[in-house]
Amino acid sequence: MTFRHVTVPVDFSLPSLSAIGVGQILAQRSGADLQLLSIAATHGAAEAEAELQRLSHEAGPGTNWRIITTDEDPEQPLVLTILESGDDTLWCLGSHGRTAFGELLFGSISADVVRETETRIVLVGPQAAPRPDADVMLVPMDDTENSGRILATAVEVADMLKMRLRLVQVGDHGLPSDSAESSYIRHEAAKLPAPHNLDYDVLHGNVESAINDYVAQTAEVGMIAMATRGVPAGARLTIGSTALHVLRHAIVPVLMLHPAASA
C-alpha cells in the first residue's frame, strides 16, 4: 500500500487548523503531496476558497487545496464517496477528543456515513503536536482481532513514513518484563518483516496512562497506532474507551483504522 496524498479536511475550526502542521510532517516524510479539503455551501464557497488559498500558501510548496460545493446536506453520501476515493490518500483530521467517531470527521458528519468504510486516519487530538524528528510508531497490542488489524496497517504506514515500529503490551504491576507476559509481544514481533526496523517493550499499570506516559517520556515516539472497535450494521460507531482516552491525552498524533462494519 502506498499513498500519494495526505489530505487534511478543513472546516476552519481550531482542531482542523492544528492538523495542518501534522499533515505537513506526514507529507514530507512520505514524499506525498499535502491537500487541504473543505466542503462548503455554494453561497459560502468564495470565502472558503480564499481562506483555503491562504492556508495552502502558508503551508508551502507541495500543498494544494480543493473545495467541494454543495447545496445538499454534506452529511449525506457525498462525504462517504470522498472517504472511499481510493487507497492513495492518508487522511489527517483534527479532533476535539470527544466520544463519537462521526464527530471527528468534518465536524458533524454522522456516524452512519462513515460506518461502512474501512479507512486509515491520523487523528490529531487536542494535546497533540508534531514531533518532526521522531521516527518511532508505537503500536499497543493485545490478542484481539482489532489489534492484529491495526498492526498490518501500521507496518504499511510506518514504511511510507520511514518510521520504526515499537510494539508494546501493558501488563500488571510486579511482573518482570522478561517473564511470560512478554511472550505474546515477542511472538507478534517475530512475524513481521524488517525485524531490524522493529522492537518491543512491556509497560505496566493502567493501559491508557501507561501508553501516554511512555510517549511523554520517549521523545523518539512520533505516532501511536490503534484500532477502533467494529460495530454491527446500524449501530452507532464509537471509539473504544481505551483508544478514546489515549487520543484525548496523547501529545502525538494517533493512527486509527476503522474496521469495516460487521453484518
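Among the residues of the range 102-112, count how many are assigned to a helix (DSSP H, G or I) and either at pLDDT 50 or above or buried (at least 22 other Cβ atoms within 10 Å of the Cβ) (or both).
Count: 1.
Residue under question is N206, and the condition is that it be surrounded by fewer than 24 Cβ atoms within 10 Å (Cβ to Cβ) and modelled with pLDDT of 90 or more; does it hold?
No: the conditions fail for N206.
Of all the residues that make up the range 205-220, how many are hydrophobic (A, V, I, L, M, F, W, C) and either touching a Cys at 6+ places or on another chain (Cβ under 7 Å) or within 21 Å of D142 (Cα to Cα) (or both)?
4
Of (1) closer than 29 Å to E220 by Cβ; (2) in a loop (DSSP other than H, G, I, E, B); (3) modelled with pLDDT of 65 or more; (4) assigned by TED's automatic domain parsing to the domain that holds V10, G97 satisfies all except one. Which?
(3)
Inside the range 22-43, can you point out the residues that are touching a strand residue (DSSP E or B) at 6+ places or on another chain (Cβ under 6 Å) and hydrophobic (A, V, I, L, M, F, W, C)?
V22, L26, A27, A32, L34, L36, L37, I39, A40
Output the residues belonging to the range 209-224 that are at pLDDT below 95 and closer than 22 Å to R120 by Cβ.
I211, N212
Could you name every one of the strands (runs of 3 or more DSSP E) located completely within the range 119-199 that has at least 3 residues being in contact with a strand residue (DSSP E or B) (Cβ under 7 Å, 6 or more places away or on another chain) and modelled with pLDDT under 85?
So the answer is 119-124.
Yes/no matrix, rows are residues, columns are (1) modelled with pLDDT of 60 or more; (2) within 16 Å of P9 (Cβ to Cβ); (3) under 22 Å from the mean Cα position of the chain (by Cα):
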{"position": "A41", "(1), (2), (3)": "yes, yes, no"}
{"position": "T63", "(1), (2), (3)": "yes, yes, yes"}
{"position": "D71", "(1), (2), (3)": "yes, no, no"}
{"position": "E75", "(1), (2), (3)": "no, yes, yes"}
{"position": "I82", "(1), (2), (3)": "yes, yes, yes"}
{"position": "T89", "(1), (2), (3)": "yes, yes, yes"}
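The values are calculated or read from the model by the stated rules, or taken from the named source; none is laboratory data. Keep in mind it's a predicted model, so treat the numbers as computed, not measured. FYI the Cβ positions are ideal-geometry reconstructions off the backbone, even for glycines, and counts take in every protein chain you see.
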